[in-house]
Structures are given as structure tokens and as C-alpha cells.
Amino acid sequence: MSAEVEYQKRSVSLPTSVIDDVQERVGPGQFSAYVAEAVRRQLRRDALAETLARMEAEHGPVDEAEVTALMESLGR
């Protein structure tokens, strides 16, 4: 059983070219869902950036060589 989601209507101004691109991509009736998912994705990115900034403040900058080595080992 899924939880019911509450919705509120908001007025948002977007560049016409963005509106046209979204509408072309999603078709009729899906504009709001597409924009909502884009906002959710940005909120997750913002939260991750804030977490990384706190971790860097606490533990110092990330060693890029270690990150590269880890990514390479995960790719195998």
C-alpha cells in the first residue's frame, strides 16, 4: 500500500525554451511530474554537497589520488 501524496499548486516562471524542451520530451500531461522529479534530484544533489562540505571541513580535503584508485578498483 502506497502513501498518498499531497500536492500544492505553485506558479513558476521558466524560460520558454526550457518549457518547450520539457514539453517536447514528456508530451501532454506529464510536465509537472517531470519538473517535480528534476527538483527532487536537485534536492538530493544539494544534500550530498552539504554533507561532503561538512565532511571536508571535519576531515580535510579529499585526496584525489585515493578517489581515482578507489574508482578504478570498483570498475574492475
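Structure above, values below:
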| read-out | value |
| --- | --- |
| Calculated Rg and Dmax of the Cα atoms in Å (choose from (1) 17.1, 52; (2) 19.2, 48; (3) 11.0, 30), label | (2) |
| Furthest towards positive pole of dipole, LEU14, GLY75, ALA57, structure part the chain, Cβ charges | LEU14 |
| Rounded accessible area per residue of the chain, 1.4 Å, Å² | 97 |
| Carbon plus sulfur fraction of accessible area for the chain, probe 1.4 Å, in percent | 55 |
| Structure-based [θ]222 nm, the chain - -39500 (n - 2.57) summed over DSSP H runs of at least 4, per residue, nearest 500 | -23000 deg cm²/dmol |
| Protection-proxy order for peptides 3-9, 65-71, each taking the mean of Cβ atoms within 10 Å per residue, highest first | 65-71, 3-9 |
| For the chain, size of Cβ-based charge dipole, Lys and Arg +1, Asp and Glu -1, in debye | 380 |
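The values are calculated or read from the model by the stated rules, or taken from the named source; none is laboratory data. Every value quoted in this text rests on a predicted model; they were computed, and no experiment measured them. Note that each Cβ is placed from the backbone with ideal geometry, even for glycine, and that neighbours are counted across all protein chains shown. Each accessible area value is taken on the protein alone, full model and side chains, heavy atoms only, with ligands, DNA and RNA left out. Shrake-Rupley method; radii C 1.70, N 1.55, O 1.52, S 1.80 Å.
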